[in-house]
1. Can you say whether Gly223 is small (Gly, Ala, Ser) and closer than 22 Å to Gln109 by Cβ, as far as the supplied structure shows?
2. Quick check on region 222-239: of everything there that is free of Cβ contacts under 8 Å to residues at least 24 places away in the same chain and among the hydroxyl-bearing types (Ser, Thr, Tyr), which residue is surrounded by the fewest Cβ atoms within 10 Å (Cβ to Cβ)?
3. State whether one or more residues within region 205-221 are in a helix (DSSP H, G or I) and either of a type in the set (Ser, Thr, Tyr) or touching a residue at least 24 places away in the same chain (Cβ under 8 Å) (or both).
4. Counting only residues that are within 22 Å of His163 (Cα to Cα) and buried (at least 16 other Cβ atoms within 10 Å of the Cβ), how many does region 98-124 have?
5. Given (1) modelled with pLDDT of 50 or more; (2) outside any loop (DSSP other than H, G, I, E, B); (3) under 18 Å from the mean Cα position of the chain (by Cα), where does Ala126 come up short, assuming only one miss?
6. Which residue is surrounded by the fewest Cβ atoms within 10 Å (Cβ to Cβ), if the candidates are limited to region 146-187 and must be in a helix (DSSP H, G or I) and among the acidic types (Asp, Glu)?
7. Assess whether Ile95 counts as being at pLDDT 95 or above, more than 19 Å from His163 (Cβ to Cβ) and open to solvent by less than 60 Å² (accessible area, probe 1.4 Å).
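The values are calculated or read from the model by the stated rules, or taken from the named source; none is laboratory data. The structure presented is a predicted model; accordingly, all values stated were derived computationally and were not measured. We place every Cβ from the backbone using ideal geometry, glycine too, and count neighbours over all the protein chains shown. Surface areas here come from the heavy atoms of the whole protein model, side chains and all, with no ligands, DNA or RNA. Shrake-Rupley method; radii C 1.70, N 1.55, O 1.52, S 1.80 Å.
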Amino acid sequence: MERMWGLLACVGLCLQAAFASAEALPMAARGSLLTERAPLFVQARASASHSPSLFAGKNGNSLFRPMPVSIRVTSGLGAMPFHDLGPVGQLRALIAQAEAGAKGYDAVQYGADILPSGPPTTLTIAQIYAWIDDTPGQPHAIGRYQFIPPTLRRLVRRMGLNHEVRFSPQVQDQLANLLLYEAGLHQFLAGDLDRQTFMNNLAKIWAGLPNDTGQSHYHGFAGNKATMTWVYFDAQMARIFPG
């Protein structure tokens, strides 16, 4: 663990706390373009599985070894699960570019006929859950990272978030950080996961990102498509994480 801390410090990222392992459900892609479905989610529902993993089959039920400590956040802003000094924030911004468009943290999937009672950042998690429950039959991808309901509920449970916590930018970033961990961020930063594999893992979570074929991992499913090219994605990753 001490070796890991040292490696992460070298790239300007300090892990302040760690998460228990979890399985990643695919996200909806860009809020203005796509629906809230993805193939593995449909397969999971068909098989009655509550937490299918995109990275299953290596270590327990996840490709990535679990971190030893989980944290709880109960205040409105919360204690960030880890502080980044630039690179992770830039990565989240790149994902948001593919997913949320100009509305960012207040993005709501365009196909939602009935919108939440206010901008997402002004609502509590409980209010967002109520909106989801009260408006069946429409897409509900929400926020800067276009969380779909099963993913949002799973991450909230994993983080131990109080449902009265506001869905603030800070909270959304926390939830996205957990998805980054699930995609192998800590191993990538430690040099144990190559950039292309990490990028492909990200594309399995966020449908707006391309994989190394140049297409969304969910291309053609429910209208999904990548919203940036692989060349652009790769160039931005090389800029954010040089070396």
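1. Working: small (Gly, Ala, Ser): yes; closer than 22 Å to Gln109 by Cβ: yes.
Spelling it out, Gly223 is indeed small (Gly, Ala, Ser) and closer than 22 Å to Gln109 by Cβ.
2. Thr229
3. Checking region 205-221: at least one residue is in a helix (DSSP H, G or I) and either of a type in the set (Ser, Thr, Tyr) or touching a residue at least 24 places away in the same chain (Cβ under 8 Å) (or both).
4. So the first thing to find is which residues in region 98-124 are within 22 Å of His163 (Cα to Cα), and the list is 104-109, 114-124.
Add one more test, that the residue is buried (at least 16 other Cβ atoms within 10 Å of the Cβ), and what stays is 104-109, 116, 120-121, 123-124.
Qualifying residue count for the region: 11.
5. (3)
6. Taking region 146-187 first, the residues in a helix (DSSP H, G or I) are 149-159, 169-182, 185-187.
After this cut, where a residue has to be among the acidic types (Asp, Glu) as well, the list is 173, 182.
Values: Asp173: 22, Glu182: 25.
Within region 146-187, the match that is surrounded by the fewest Cβ atoms within 10 Å (Cβ to Cβ) is Asp173.
7. Working: at pLDDT 95 or above: yes; more than 19 Å from His163 (Cβ to Cβ): yes; open to solvent by less than 60 Å² (accessible area, probe 1.4 Å): yes.
Yes; evaluated as a whole, the condition is true for this residue.
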